[in-house]
Amino acid sequence: MRHLFTLSLLFLLRLTAYSQCCPYVQPVQVLPANPQPNDIIRLVFRAATPGGGHKISSDFVRVADTLRFTACYFSGMTAVVQSYSDTVTAGALPIGNYTIQFEARVSYRDAQQCSNDQRNSVSTVMQVATRPLATRPSTTNWTVYPVPATGRQLQLQSPAQEPLQSIRLLDISGRECYAHPTADLAQASSLLQLQLPALPAGTYTLRVQLANGTVKSQRVVLQ
């Protein structure tokens, strides 16, 4: 009986600790970034749960000009962040503005069916318009992949024509775990290969400082 009470107490404390956080969701990525009517549009949805687990279900629907992706994940009792990435093909869409909604739900009580204990959501607006390729604005997004990283190599896609001063990887305490060689930054292209040392699994922050002093930060999950 005491053992059962302890497990129940730990479960309740865990729900309280994550009441404002979970599941973690990232902004929706649209591929290509500035779609035209003939483009096959793909949408990338990313989420993470704090206690390992797995994805239970997902559903993607389009209603008029709204694209909605709903996913449910089971989060277990292990203190390991589990990341998920779903790429959905929306196909070619007519010219217009579209709302993309991503709702992520997390289940703590049932590993097979969504008990919907908590939820988090994010939305964005996508425009499909006709414009010459040459006039498409260059992307301002910073992308780190693969997500999650299962090896020791990361790839950093950065906007063109933004000179870099430093790239560092920090753990959750702010301690530096990796610094990219500065000699490589002077001749770096928009795609950088980062060879990491052997690091424990967990969540890290990739901090990029530009030559003009601007600092960009991106969360990175290593498995």
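The values are calculated or read from the model by the stated rules, or taken from the named source; none is laboratory data. Because the structure is a prediction, the values reported are computed rather than measured. Quick reminder, even Gly has a Cβ in these numbers, built from the backbone with ideal geometry, and neighbours come from all protein chains shown.
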* Structure fact -> Selection from the range 46-66 of residues surrounded by 12 or more Cβ atoms within 10 Å (Cβ to Cβ) and not in a loop (DSSP other than H, G, I, E, B) yields 46, 47, 48, 49, 54, 55, 56, 57, 58, 60, 62, 66
* Asked: Of the residues that sit in the range 97-118 and are free of Cβ contacts under 8 Å to residues at least 60 places away in the same chain and in a strand (DSSP E or B), which one is surrounded by the fewest Cβ atoms within 10 Å (Cβ to Cβ)?
  -> 97
* How many residues are farther than 16 Å from residue 147 by Cα, part of a strand (DSSP E or B) and among the small types (Gly, Ala, Ser) when one looks only at the range 169-222? -> 1
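So how many residues does the range 156-184 have that are at negative phi and modelled with pLDDT under 80?
Quick first cut of the range 156-184, residues at negative phi only: 156-160, 162-173, 175-184.
If we keep only those that are modelled with pLDDT under 80 too, we end up with 156-160, 162-164, 182-184.
Qualifying residue count for the region: 11.
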